1. Any idea what log10 I(q)/I(0) is at q = 0.07, 0.08, 0.14 Å⁻¹ for the protein assembly as shown, Debye with uniform C-alpha scatterers and no solvent?
2. Only bridges with both residues in the protein assembly as shown count here: give the DSSP antiparallel percent, nearest 5.
3. Which far-off residues, 5 or more places away or on another chain, put their amide H under 5 Å from the one on C:VAL126, with H placed in the peptide plane?
4. Could you give the angle, 0 to 90 degrees to the nearest 10, between helix A:41-65's Cα long axis and the longest principal axis of the Cα atoms of chain A?
5. Any number yet on Rg/Rh for segment A:48-96, C-alpha, Kirkwood?
6. What ranking do A:TYR92, A:TYR62 get, fewest neighbouring Cβ atoms within 10 angstrom at the top?
7. Let me make sure I get this right: for segment B:3-97, a, b and c are the square roots of the gyration tensor eigenvalues over alpha carbons, sorted descending. Under 1.5 in a/c it's rounded, otherwise prolate if a/b > b/c, else oblate. Which is it?
8. Got a sec? Which residues in segment B:66-81 would a label at A:LEU80 touch, if it sits 7 Å along Cα→Cβ and we count backbone N under 16 Å?
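Just so it is clear, none of the values below were taken in a lab; they were calculated from the coordinates. Everything quoted here is computed from the prediction, not taken from an experiment. Counting neighbours? That spans all protein chains shown, and the Cβs are built from the backbone with ideal geometry, glycine included.
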Amino acid sequence: MILAKALMPSDGLQLICSIALIVLGIAMFLTVYRILRGPSLPDRVVALDLLAYFATGAICIYSIQFGRSSLLIVAVVMALILFLGTAAFAYYIEKRANP
Amino acid sequence: MNMSELLTAFLLIVGSGFCMIAGIGVLRMPDLFTRMQASAKAGTLGVGCIVLGVATNFQDLKVAAEASLIIAFLFLTAPIASHLIARAAYFAVDTKNRRLEHDELAGCYDPDTHTLASERPKDGVWVRRDVQEIDD
Amino acid sequence: MSILLISLLLAIVWMIVIGEFSPLSLLLGFLLAYTLVALAWGGGDSFKYFRRAWLAVRFFIFFIRELLIANVRIAYYTLSPLTKLRPGILAIELEEMTDIEITVLGSLVTLTPGTLTLDVSDDKRVMFVHFMHLDDPDRMRREVREEFARRLLEVMR
């Protein structure tokens with residue numbers, strides 16, 4: 001199988017990608033803090049959901065930085081799975097409140 | 001950098017900025033519902049902008065199709081996910097973790113069957129044990 | 001004009017725009033156009049179809065604008081002192097709506113300024129909405145009912 005040729009971005013765009021990744025990383029740290037701290041389980045689930053969103057965004061930025069559009073399919077799958085996780089969590093939180 | 005790269009760079013910066021705002025919001029907001037507001041709106045738009053940036057960078061039909069698929073998923077599922085979590089949290093989290101100055105939902109849920117009436121029952125039969133009645 | 005004719009026309013436009021004249025691209029364009037036209041047709045004459053398309057475009061622009069305003073406002077709330085917040089939940093009465101209309105309305109309300117749909121009552125008469133800053137309940141109620149519900153029903157019916 002022949003992989004598609006990488007479409008490398010220019011140096012300026014590379015720099016922008018790095019900056020965006022760093023900003024996303026800081027935002028991820030903030031949500032991880034909320035996951036650790038969060039007073040209740042729903043708080044943690046909301047923060048976890050947001051973390052998965054950020055991961056989807058980070059994959060997209062990687063695909064620009066390395067010039068590989070095939071990475072994007074990972075983001076598609078992630079956007080699908082993410083909702084299932086949240087829905088399952090919500091179902092069990094509600095069950096646990098009134099069994 | 002040419003036009004399309006400039007556009008990509010702009011979308012990436014705006015997107016990661018909104019993601020940052022979502023992160024700060026989730027960290028800083030006082031209660032669950034306000035945190036959910038920050039996460040559901042700023043997070044969705046932030047990631048949406050980044051995905052749009054991918055589409056403008058590659059300028060390829062397949063990439064554009066995948067990108068629009070991601071955006072469609074995000075915008076369709078985010079409100080439903082936040083509705084599910086909010087509903088679950090209304091049953092599970094006790095009231096002292098909630099900062100609400102005005103609550104018309106209080107007492108409308110039936111604590112046993114989890115059905116939702118359109119108004120608070122007059123005799124107050126459905127009121128949960130840990131919800132204080134809020135009069136206005 | 002019949003639905004077939006309109007979608008054939010759109011398929012030809014699609015081929016020109018894509019810049020690829022092949023049976024495959026004609027078929028793809030035709031399928032796309034047929035789906036869209038069939039979704040938006042809803043019976044009646046072609047004039048209505050174009051009016052609906054125009055309304056849908058206007059609604060899309062309205063939605064994008066509201067989304068941007070929402071995020072600027074969220075940024076403002078996030079970065080300003082938290083004493084400014086006055087969160088609250090309002091019950092908003094809905095008119096007669098089908099399930100799909102309620103779903104779309106709820107999603108729109110979640111993605112727009114300072115509001116978050118929490119739940120819809122089982123008899124579909126009331127929607128419970130969380131507000132970030134609740135200073136005038138009656139105005140807020142009217143805003144959701146008239147701005148969103150009215151515009152949405154205009155497009156979807």
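1. Summing over Cα pairs of the protein assembly as shown leads to -0.37, -0.48, -1.26.
2. If we restrict to bridges inside the protein assembly as shown, about 85 percent are antiparallel.
3. Under 5 Å from the amide H of C:VAL126 lie the amide H atoms of C:LEU94, C:SER121, each far enough along the sequence or on another chain.
4. Taking the Cα atoms of chain A, the angle to A:41-65 is about 10 degrees.
5. Working: Rg = 13.5 Å, Rh = 11.7 Å.
Using only Cα positions, Rg/Rh for segment A:48-96 is 1.15.
6. Numbers: A:TYR92 13, A:TYR62 17.
Ordered by Cβ neighbours within 10 Å, fewest first: A:TYR92, A:TYR62.
7. Details: a/c = 6.29, a/b = 2.00, b/c = 3.14.
Because a/c hits 1.5 or more and a/b fails to exceed b/c, segment B:3-97 counts as oblate.
8. Within reach of a label on A:LEU80: B:66-77.
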